[in-house]
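*Asks:* Below is the structure I would like to discuss, written out as structure tokens.
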Protein chains: 2
Amino acid sequence: MDSPLVPFGPPPTERADAARNREVLLCTARAMIAELGADQVTMDALAERAGLGKGTVFRRFGTRAGIFRALLDAEEQRFQCQVLSGPPPLGPGADPVDRLIAYGRARTRFLLERHEIARAAFERKGPVPPAVGPNFSRPHIRMLLGQAALGLPDPDTLSLQLASALEGPPLLFLVADLPPGGESAGCGENDLGALLADGWQTLVERVARR
Amino acid sequence: MDSPLVPFGPPPTERADAARNREVLLCTARAMIAELGADQVTMDALAERAGLGKGTVFRRFGTRAGIFRALLDAEEQRFQCQVLSGPPPLGPGADPVDRLIAYGRARTRFLLERHEIARAAFERKGPVPPAVGPNFSRPHIRMLLGQAALGLPDPDTLSLQLASALEGPPLLFLVADLPPGGESAGCGENDLGALLADGWQTLVERVARR
DNA sequence: CGCCGAAACGGGGTAAAGTCCGTTTACGTC
DNA sequence: GACGTAAACGGACTTTACCCCGTTTCGGCG
């Protein structure tokens, strides 16, 4: 009995063709990014390659950045799950300072592996988009700072600045010429991740020292 | 005797009309920003209001962001003079840690007062432009970190992260709804500057504690 | 099975950044 | 003062994000 006599609110279901088209577009976008690079993914080209109209693309994602946001969201969700309910020290259970360090290491890696998409997910105007930037990092850092019970005068502001220290370099200030090859963790091609992770750890240890 | 027989290199002088047009464009841009807001300043509108062709605008400044860079450069230069040769604690002569704190306070204020222009000075593609972002802050922080002779393992990376903590919030991560009114320091309308400045001081004091 | 309203689709239209190239102008030289 | 050249100018052209609205399709209901 799943057809209530009083269907409350608008049907939360998306029309079947719409859902299918969303998937088609996301897959096509992923393919084009891998093949041509993120900044070659134009709305026209994406629509044509997906066999859909340009209007459809905008209806689904609102803006160009919206496509990349949607692409990130799936992976971001998995990342957040690990942080919120995974094993320690990243997940709950460990000492807050250790979690802070582990979080920064994981986040650095996550952003570096996806920096091309993450950068493309920024809107050109308006504020920082949801699902990018410190919108998840900041509250998490804020919480751990509170749990650590350091004698910090203004943890709210400090968490913003720490989130910025963490995400600024991989997202914004170091993006000149990272190799496009995404996820390989092989031959030490980017010790950049290690440098940033170690720097973060130093920062956190110094801030947390009582 | 200022006409050498062997004029070395290309004449370093800009043609008179070019220099004049640059000034006209910068003034017009300033007026339009004050009057309409930075994101209403389009290349077409700027050219028309200045009474020049669009090609001229692009010849002078390269990109739209270039205009805002040029606008910032003048003020940035005065700021940098104060840092490099002004009175302590901002200028040389004071304890490095005190200079670091003073620098962050001054920089925060500087960026908040100009955040609209500074934000518009970012290019949408390519790396972070010169004259914006941590391109001045980072080396300065790096130098002071070195002078302070703390036992930091990797001051190069740490200076990047500190620069990001300093500039990220006013430039990028907090830009949702700052009041457009720029420079008034009057009725405490933005204690935001004070919060960020105090947060920076906390951060630096903790990092520098030996 | 056929109807109907709402949602999705499509592609042409607009605005604004950035490019190109033929024309004009500054300015050093004779 | 006339001339030649290199630089600057101007505006038409191209590209791309984003909007609009007439048309089509979905899917629930009688």
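The values are calculated or read from the model by the stated rules, or taken from the named source; none is laboratory data. All values derive from a computational prediction rather than experimental measurement. We place every Cβ from the backbone using ideal geometry, glycine too, and count neighbours over all the protein chains shown. These area figures cover heavy atoms from the full protein model, side chains too; ligands, DNA and RNA do not enter into them. Shrake-Rupley method; radii C 1.70, N 1.55, O 1.52, S 1.80 Å.
*Asks:* In region B:48-64, what residues are outside any helix (DSSP H, G or I) and over 15 Å from B:Arg15 (Cβ atoms)?
*Replies:* Let us first name the residues in region B:48-64 that are outside any helix (DSSP H, G or I), namely B:51-53, B:62-63.
Scanning region B:48-64 gives B:Gly51, B:Gly53, B:Gly62, B:Thr63.
*Asks:* Six or more apart or on different chains, Cβ atoms under 7 Å: show the pairs whose first residue is in region A:35-55 and within 11 Å of DNA strand D (Cβ to nearest atom) and whose second is of a type in the set (Val, Ile, Thr) and assigned to a helix (DSSP H, G or I).
*Replies:* Pairs found: A:Ala38/A:Ile117; A:Val41/A:Ile33; A:Met43/A:Val57; A:Leu46/A:Thr28; A:Leu46/A:Val57; A:Ala47/A:Thr56; A:Ala47/A:Val57.
*Asks:* Looking only at region A:1-34, count how many residues are within 12 Å of DNA strand D (Cβ to nearest atom) and either modelled with pLDDT of 95 or more or in a helix (DSSP H, G or I) (or both).
*Replies:* Adding up the residues that qualify gives 8.
*Asks:* Please specify each residue of region A:141-150 satisfying the condition of being under 18 Å from A:Arg209 (Cβ atoms) and more than 10 Å from every other protein chain (Cβ to nearest Cβ).
*Replies:* Going residue by residue through region A:141-150, those that are under 18 Å from A:Arg209 (Cβ atoms) are A:141, A:144-150.
Hits for region A:141-150 are A:Ile141, A:Leu144, A:Leu145, A:Gly146, A:Gln147, A:Ala148, A:Ala149.
*Asks:* Given B:Leu26, B:Leu100, which one is open to solvent by less than 40 Å² (accessible area, probe 1.4 Å) and under 27 Å from B:Val204 (Cα atoms)? Outline the logic, then answer.
*Replies:* Working: B:Leu26 fails: under 27 Å from B:Val204 (Cα atoms).
From the options B:Leu26, B:Leu100, the qualifying one is B:Leu100.
Let's see how each residue does on (1) within 16 Å of DNA strand D (Cβ to nearest atom); (2) touching a Pro at 6+ places or on another chain (Cβ under 8 Å); (3) of a type in the set (A, V, I, L, M):
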{"residue": "A:Arg64", "(1), (2), (3)": "yes, no, no"}
{"residue": "A:Ala70", "(1), (2), (3)": "yes, no, yes"}
{"residue": "A:Phe79", "(1), (2), (3)": "no, no, no"}
{"residue": "A:Leu84", "(1), (2), (3)": "no, yes, yes"}
{"residue": "A:Arg119", "(1), (2), (3)": "yes, no, no"}
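*Asks:* Still on this structure, I have one more. Looking at B:Gly91, is it touching a residue at least 24 places away in the same chain (Cβ under 8 Å) and open to solvent by less than 20 Å² (accessible area, probe 1.4 Å)? Full working, then the answer.
*Replies:* Details: touching a residue at least 24 places away in the same chain (Cβ under 8 Å): no; open to solvent by less than 20 Å² (accessible area, probe 1.4 Å): yes.
It is false that B:Gly91 is touching a residue at least 24 places away in the same chain (Cβ under 8 Å) and open to solvent by less than 20 Å² (accessible area, probe 1.4 Å).
*Asks:* Now, a different point. Within region B:58-71, identify whether any single residue is over 22 Å from the mean Cα position of the chain (by Cα), open to solvent by 70 Å² or more (accessible area, probe 1.4 Å) and either within 16 Å of DNA strand C (Cβ to nearest atom) or not assigned by TED's automatic domain parsing to the domain that holds B:Arg119 (or both), and answer yes or no.
*Replies:* Among the residues of region B:58-71, at least one is over 22 Å from the mean Cα position of the chain (by Cα), open to solvent by 70 Å² or more (accessible area, probe 1.4 Å) and either within 16 Å of DNA strand C (Cβ to nearest atom) or not assigned by TED's automatic domain parsing to the domain that holds B:Arg119 (or both), which makes the answer yes.
*Asks:* Please work out which residue is least open to solvent (accessible area, probe 1.4 Å), limiting yourself to region A:119-133 and to residues that are at pLDDT 75 or above and closer than 15 Å to B:Gly168 by Cβ.
*Replies:* Within region A:119-133, the match that is least open to solvent (accessible area, probe 1.4 Å) is A:Phe122.
*Asks:* For region A:39-88, give me each residue that is away from every other protein chain (no Cβ under 14 Å) and of a type in the set (Asp, Glu). Even if it seems obvious, please write down each step before you answer.
*Replies:* Within region A:39-88, the first condition is being away from every other protein chain (no Cβ under 14 Å), and the residues that meet it are A:43-62, A:66-67, A:69-88.
Listed by number, the residues that qualify are A:Asp44, A:Glu48, A:Asp73, A:Glu75, A:Glu76.
*Asks:* Now, a different point. Return the residue satisfying two criteria in turn: it lies in region B:155-206 and is over 24 Å from A:Arg124 (Cα atoms) and of a type in the set (S, T, N, Q), and of such residues it is modelled with the lowest pLDDT.
*Replies:* The extreme case among them is B:Ser184.
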